[in-house]
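Data block below; observations after.
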C-alpha cells in the first residue's frame with residue numbers, strides 16, 4: 001500500500017511537548033482521592049467507548065456511559081456490544097490496579113484479557129489462541145499459534161529492556177504494535193494492546209490515552225505500515241501514538257484546571 005508523504009508528515013514525535021504538559025500536570029499532584037476517582041471514571045467511559053468503537057462496536061459514548069453508570073441495557077443493540085462495554089470496564093479497573101506497580105507479567109496480560117472477554121467467550125478468555133488467524137485489509141499474517149508462548153515471554157522481556165533506553169511514550173507505542181503483531185488471542189487483541197499501552201503510560205506518570213474513532217483510518221494505516229514495512233520502520237506509528245498521547249495529556253490538564 002502506497003502512503004503519501006503528506007500522510008507521513010501529518011504526525012510528529014511530541015515527546016518534548018508531552019513532557020512539558022506532564023510538568024504542568026505534576027503541579028496538581030497529589031490529587032484528592034475524589035478527583036482521582038472522577039478522572040478515572042471519565043477516562044474509563046472515553047477509553048471503553050473509543051476502544052470498542054475502533055473494533056466495530058455500535059454503542060455510542062452516551063450509551064456506554066448509561067450502561068456503566070446506570071446498569072441499563074440499551075435496546076436495539078447486541079448482547080455482545082453490551083458485554084464488550086462491561087468487560088472492558090472491568091479490564092480497565094484491573095489496569096489501574098496494575099499501574100500501582102512497575103512492569104507487568106504474562107499472567108497479568110492473561111487476566112486482563114479474561115476480564116474483558118469472559119462474558120463473550122468463556123472458553124477462550126484469558127487463553128492464547130490455538131488456531132491460525134488472518135486479518136482482513138492487510139498482507140500481514142500473524143504468527144502460528146505454537147510460537148505464541150515464546151513470543152509473549154520475549155515480549156515481556158523486550159518491554160522491560162526498552163524502558164531502560166527509550167522514552168516511556170515510545171515504549172508504549174512499540175509495545176502496542178508488538179502485541180497486535182503477535183496477536184496472541186482469538187479476539188480482543190486491539191483492546192488489550194491499548195490497555196497495555198495505557199498501563200505503561202500510567203506507570204510512568206502519563207494520562208490515559210484515547211484514540212478517537214474518527215482517527216481509525218490513520219491509526220490502522222500507521223499500524224499496517226509498521227507491521228509490513230520491509231525496513232521495519234516504526235516511526236509513523238510511534239509518531240501517531242505520540243500525537244494521541246499529547247492530545248490526551250492536554251485534555252487531562254484541561255480537566256484539572258477546570
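The values are calculated or read from the model by the stated rules, or taken from the named source; none is laboratory data. Keep in mind the model is a prediction, meaning the values are calculated, not measured. Don't worry about glycine lacking a Cβ; one is built from the backbone with ideal geometry, like all the others, and counts go over all protein chains shown.
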- Message: Checking the structure you have, find out if any residue of the range 151-158 is out of contact with any helix residue (DSSP H, G or I) (no Cβ under 7 Å at 6 or more places or on another chain) and farther than 30 Å from residue 217 by Cβ.
- Response: yes
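Residues are listed down the side, and each one gets a yes or a no for (1) without any contact (Cβ under 8 Å) to a residue 24 or more places away in the chain; (2) at negative phi; (3) surrounded by 11 or more Cβ atoms within 10 Å (Cβ to Cβ):
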| residue | (1), (2), (3) |
| --- | --- |
| 117 | no, yes, yes |
| 120 | no, yes, yes |
| 128 | no, yes, yes |
| 136 | yes, yes, no |
| 139 | no, yes, no |
| 142 | no, yes, yes |
| 149 | yes, yes, yes |
| 153 | no, yes, yes |
| 156 | no, yes, yes |
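Restricting the search to the range 90-109, which residues are surrounded by fewer than 20 Cβ atoms within 10 Å (Cβ to Cβ), in contact with a helix residue (DSSP H, G or I) (Cβ under 9 Å, 6 or more places away or on another chain) and assigned to a helix (DSSP H, G or I)?
Going residue by residue through the range 90-109, those that are surrounded by fewer than 20 Cβ atoms within 10 Å (Cβ to Cβ) are 90, 93-94, 96-97, 99-103, 105-108.
So of that shortlist, the ones also in contact with a helix residue (DSSP H, G or I) (Cβ under 9 Å, 6 or more places away or on another chain) come out as 90, 93-94, 96, 99-103, 105-106, 108.
Matches in the range 90-109: 90, 93, 94, 96, 106, 108.
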- Selected residue (only one of 39, 8, 47, 68 is modelled with pLDDT under 95, part of a helix (DSSP H, G or I) and either in contact with a helix residue (DSSP H, G or I) (Cβ under 7 Å, 6 or more places away or on another chain) or farther than 16 Å from residue 253 by Cα (or both)): 8
